[in-house]
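The values are calculated or read from the model by the stated rules, or taken from the named source; none is laboratory data. A quick note: this is a predicted structure, and the numbers were derived from the prediction, not measured. Backbone-built Cβ (ideal geometry, glycine too); neighbour counts: all protein chains shown.
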Amino acid sequence: MAGAVEVEQVAVAKASCCGVLTGPGYASPLDAMAGPREALIYVTCIYNGTGIEKPDYLATVDVDPSSPTYSKVIHRLPMPYVGDELHHSGWNSCSSCHGDSTAVRRFLILPSLLSSRVYVIDTVKDPKAPSLHKVVEPADIAQKTGLAYPHTSHCLASGDIMISCLGDKDGNAKGNGFLLLDSDFNVKGRWEKPGNSPLFGYDFWYQPRHKTMISSSWGAPAAFSKGFNLQHVSDGLYGRHLYVYSWPDGELKQTLDLGTTGLLPLETRFLHDPSKTTGFVGAALSSNMIRFFKTEDGSWNHEVAISVTPLKVRNWILPEMPGLITDFLISLDDRYLYFVNWLHGDVRQYNIEDPSKPVLVGQVWVGGLLQKGSDVVYVGEDGKESQFEVPEVQGNRLRGGPQMIQLSLDGKRLYATNSLFSAWDHQFYGPDMVHKGSHILQIDVDTEQGGLAVNPNLFVDFGLEPEGPALAHEMRYPGGDCTSDIWI
């Protein structure tokens, strides 16, 4: 049976609307918007740091409303080891390989942020029950490249896989760089040229038509892995830069210092249209969306496009609370930008048809430290104490704050998890978050006028998992999505 499913999936992956064999994904972002509705979501689930001595796992969630197992975890693939901290993921092939009829989007790449293992997961033999294909061991990575703490994985049109790494095996930021795996998942070496590694690393996105890759900077693994300490920012253990590389040859061409308006720049996205020369990065601690863009002389510049005002609060560790922008994405038509404020608890939708002038068109509160019933309150200019109304979903109080998000291809459904990183979850949301586990929400999107509303029909509760409450982080669709596919 698995063999028949595999053949069918490979055929689907290669078939275009015209019946001509193509590679994975879609010819353009607008073609992708017309793709099939998502039926499954793969989500990384973490036990590391929760007190449960079990391996992290990849969960398969049914999001097909016509299915009898809708809104349920239908499969769990535990990793072979304890203590990985699965985090982000990517594909062996995506729309960057669309012109290669021999390429298939088959393997999901799962870097482990703390153990430095990289797992390769086969999703084609049985899409509902993925299986472990290969483990790339941290000793092999360290020996051949000196790299550790792998984070973002993107496929390349060449068939190679590129993974940003945040430091060396001792947690020093200066040891970071970009790992290359070949199509058989063997370690090839580093991508960037010798001597072209920045001080910090995190996320990256490439735009081949403009021969550019831009990466961001979180912090030293030795610092962030133990929780967040504001003093570490002053001590220079966290980043505030964007790094501009030549693509595909890996020469560091320019460093953009974002200053105090761009502390902890995390997720990095170009517009999907490969002809465009602009994109955004979310600066978590400064709570700003920074727009970067190419100038007339061919260099790159930046500006604050959206600013989230910190709120005056009581009963918290600081007198002001930043929104803490931890994830964002852009719809495939480049019309809307969505981001989360993990501490404040809201999800926002902006119209970016003019990328230099985003317009807020949707906002919804789905958790956060300032929801009604919390000990923390925010204080208005008139001195009045307030909290935000957060809906219950299927009788469940929403835990933590919105964190990772994923958008349906047609842009009408936004899914959100609530775990950032186990040590930070515990620090900012306490044992209640860790002991009760994560959830997935669906937020319905008005794609005409703008607007967000919590869907009452989907609530995936990872507090009810068989091995105990788990922390759910990043989500992927089997057919690709707007945060993993790059067009060339």
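Give, as residue ranges, the strands (runs of 3 or more DSSP E) completely inside segment 100-218 that count at least 3 residues that are under 26 Å from residue 235 (Cβ atoms).
Filter on segment 100-218 gives 148-155, 161-167.
I'd like the residue in segment 389-403 that is assigned to a loop (DSSP other than H, G, I, E, B) and touching an Asp or Glu at 6+ places or on another chain (Cβ under 9 Å) and, out of all such residues, is farthest from residue 421 (Cα to Cα).
394
Only one of these is polar (S, T, N, Q) and closer than 17 Å to residue 206 by Cα: 268, 260. Name it.
One residue alone meets the criteria, 268.
Only one of (1) surrounded by fewer than 16 Cβ atoms within 10 Å (Cβ to Cβ); (2) closer than 30 Å to residue 346 by Cα; (3) touching a strand residue (DSSP E or B) at 6+ places or on another chain (Cβ under 7 Å) fails for residue 260. Which number is that?
Unmet condition: (3).
Please go through (1) closer than 20 Å to residue 225 by Cα; (2) surrounded by fewer than 20 Cβ atoms within 10 Å (Cβ to Cβ) for residue 196 and return the number of the only condition it doesn't satisfy.
Residue 196 satisfies every listed condition except (1).
Could you say which residue among 257, 249, 235 is within 19 Å of residue 281 (Cα to Cα) and either acidic (Asp, Glu) or touching a helix residue (DSSP H, G or I) at 6+ places or on another chain (Cβ under 6 Å) (or both)?
257
Is segment 132-149 home to any residue that is modelled with pLDDT under 95, of a type outside the set (A, V, I, L, M, F, W, C) and surrounded by fewer than 18 Cβ atoms within 10 Å (Cβ to Cβ)?
Taking every residue of segment 132-149 in turn, none turns out to be modelled with pLDDT under 95, of a type outside the set (A, V, I, L, M, F, W, C) and surrounded by fewer than 18 Cβ atoms within 10 Å (Cβ to Cβ).
Output the qualifying pairs, or none if there are none: Cβ atoms under 8 angstrom, residues six or more apart or on different chains, first residue in segment 322-334 and in contact (Cβ under 8 Å) with a residue 40 or more places away in the chain, second residue part of a loop (DSSP other than H, G, I, E, B) and of a type in the set (Val, Ile, Thr).
Pairs that qualify, where the first residue is in contact (Cβ under 8 Å) with a residue 40 or more places away in the chain and the partner is part of a loop (DSSP other than H, G, I, E, B) and of a type in the set (Val, Ile, Thr), are 325/308; 329/483; 330/352; 331/447; 334/352.
Strands (runs of 3 or more DSSP E) wholly in segment 222-296 with at least 2 residues that are in contact (Cβ under 8 Å) with a residue 40 or more places away in the chain and of a type in the set (Val, Ile, Thr) - which ones?
278-283
Could you list, in sequence order, the residues of segment 41-70 that are part of a loop (DSSP other than H, G, I, E, B), under 15 Å from residue 459 (Cα atoms) and not hydroxyl-bearing (Ser, Thr, Tyr)?
Result: 63, 64, 65, 68.
Name, by its number, the condition in (1) more than 19 Å from residue 474 (Cβ to Cβ); (2) crowded, with 23+ Cβ neighbours inside 10 Å; (3) without any contact (Cβ under 8 Å) to a residue 60 or more places away in the chain; (4) of a type outside the set (Phe, Trp, Tyr) that does not hold for residue 24.
Unmet for residue 24, out of (1) more than 19 Å from residue 474 (Cβ to Cβ); (2) crowded, with 23+ Cβ neighbours inside 10 Å; (3) without any contact (Cβ under 8 Å) to a residue 60 or more places away in the chain; (4) of a type outside the set (Phe, Trp, Tyr): (3).
Taking residue 420, is it closer than 16 Å to residue 402 by Cβ and either part of a loop (DSSP other than H, G, I, E, B) or free of Cβ contacts under 8 Å to residues at least 60 places away in the same chain (or both)?
yes
State which residue is nearest to residue 399 (Cα to Cα) when the search covers only segment 370-388 and only residues that are outside any strand (DSSP E or B) and aliphatic (A, V, I, L, M).
370
Identify the residue in segment 171-191 that is buried (at least 22 other Cβ atoms within 10 Å of the Cβ) and farther than 24 Å from residue 105 by Cα and, among all such residues, is modelled with the lowest pLDDT.
175
Which of the residues belonging to segment 272-320 are surrounded by fewer than 18 Cβ atoms within 10 Å (Cβ to Cβ) and aromatic (Phe, Trp, Tyr)?
Passing the criteria: only 293.
Would you please name the residue that is nearest to the chain's Cα centre (by Cα), looking only at residues in segment 322-369 that are assigned to a loop (DSSP other than H, G, I, E, B) and of a type in the set (Ser, Thr, Tyr)?
331
For segment 63-74, give me the residue count where each residue is surrounded by fewer than 20 Cβ atoms within 10 Å (Cβ to Cβ) and either closer than 16 Å to residue 475 by Cα or hydrophobic (A, V, I, L, M, F, W, C) (or both).
Residues flagged as surrounded by fewer than 20 Cβ atoms within 10 Å (Cβ to Cβ) and either closer than 16 Å to residue 475 by Cα or hydrophobic (A, V, I, L, M, F, W, C) (or both) within segment 63-74 amount to 4.
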